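Visitor: Dropping the structure in here first, questions after.
The values are calculated or read from the model by the stated rules, or taken from the named source; none is laboratory data. Predicted model, so just to flag it, every value in this text is computed and none were measured. In this analysis, Cβ positions are derived from the backbone assuming ideal geometry, glycine residues included, and neighbour counts consider all displayed protein chains.
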Amino acid sequence: MDLRSAILEEHSRSQVIRITKWIGNDTHKLKQLMHLFMNDEYRVVQRAAWIISSVADNHPDLVTDYISGMIGRMKDKGTAVAVKRNVLRILQRHTIPPAVHGELMNLCFEYLADPKETIAVRAFSMGILERLSHTYPEIRNELKITIETELALSPSPGFRSKAKKVIKSIS
């Protein structure tokens, strides 16, 4: 399969599933996908993010070596929302290497406090920060204050629901 062509061929769930099955647990094929994710044009990167998320659901250990690079990719100017959403979705459930905890916490606090950021990105950021607060209890107060500040701005019901669960968990 020409991976890049397959990614550009169709943007659908069925195509993501097809490519995910093709990759399976093959590290060489995942390396090809990650190369496209890290280096290609906007549309390819955006679509590759969804596939990476799907691969991580099936084979979480396969993406471990790429976590630092994925976090770095989110920091690029003009990063697609799909990239942030899918990487954060992976990190919300995946074991996060301690070497990137600080960088990821800063990024998640930035996303959470940004009212222009999408609800999904903000909610996944909350989930990651909640998980990291078990390792770093000193962030709980800042997390609670940030969430309460954002709740006062009356965001969506989805944000409110996630916020209440996280506040309950860290209190």
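Visitor: Residues Met74, Met70: which one is crowded, with 18+ Cβ neighbours inside 10 Å, within 29 Å of Lys168 (Cα to Cα) and not assigned by TED's automatic domain parsing to the domain that holds Lys164?
Guide: Values: Met70 fails: within 29 Å of Lys168 (Cα to Cα).
Result: Met74 is the single residue among Met74, Met70 that is crowded, with 18+ Cβ neighbours inside 10 Å, within 29 Å of Lys168 (Cα to Cα) and not assigned by TED's automatic domain parsing to the domain that holds Lys164.
Visitor: Tally up the residues in region 79-126 that are under 12 Å from the mean Cα position of the chain (by Cα), part of a helix (DSSP H, G or I) and within 21 Å of His59 (Cβ to Cβ), please.
Guide: Residues that pass the stated criteria total 12.
Visitor: In region 128-166, which residue that is closer than 24 Å to Ile90 by Cβ and touching a Lys or Arg at 6+ places or on another chain (Cβ under 7 Å) is modelled with the highest pLDDT?
Guide: Applying the filter and picking the extreme gives Ser133.
Visitor: Answer with yes or no whether Lys77 is without any contact (Cβ under 8 Å) to a residue 12 or more places away in the chain, of a type outside the set (A, V, I, L, M, F, W, C) and within 27 Å of Ile7 (Cβ to Cβ). It would help to see each step written out before you state the result.
Guide: Details: without any contact (Cβ under 8 Å) to a residue 12 or more places away in the chain: yes; of a type outside the set (A, V, I, L, M, F, W, C): yes; within 27 Å of Ile7 (Cβ to Cβ): yes.
Against the criterion (without any contact (Cβ under 8 Å) to a residue 12 or more places away in the chain, of a type outside the set (A, V, I, L, M, F, W, C) and within 27 Å of Ile7 (Cβ to Cβ)), Lys77 qualifies.
Visitor: Here's a follow-up. Test Glu130 against the stated conditions and say whether it is surrounded by 15 or more Cβ atoms within 10 Å (Cβ to Cβ) and more than 25 Å from Pro98 (Cα to Cα). Break it down into steps so the answer makes sense when it comes.
Guide: Details: surrounded by 15 or more Cβ atoms within 10 Å (Cβ to Cβ): yes; more than 25 Å from Pro98 (Cα to Cα): no.
No: the conditions fail for Glu130.
Visitor: Okay, moving on. Specify the residue that is farthest from Asp61 (Cα to Cα); the eligible residues are those in region 7-41 that are part of a helix (DSSP H, G or I) and among the hydroxyl-bearing types (Ser, Thr, Tyr).
Guide: First, pick out the residues of region 7-41 that are part of a helix (DSSP H, G or I): 7-9, 13-23, 27-39.
Then keep just the ones that are among the hydroxyl-bearing types (Ser, Thr, Tyr); that gives 14, 20, 27.
Details: Ser14: 23, Thr20: 15, Thr27: 10 Å.
In this case the residue turns out to be Ser14.
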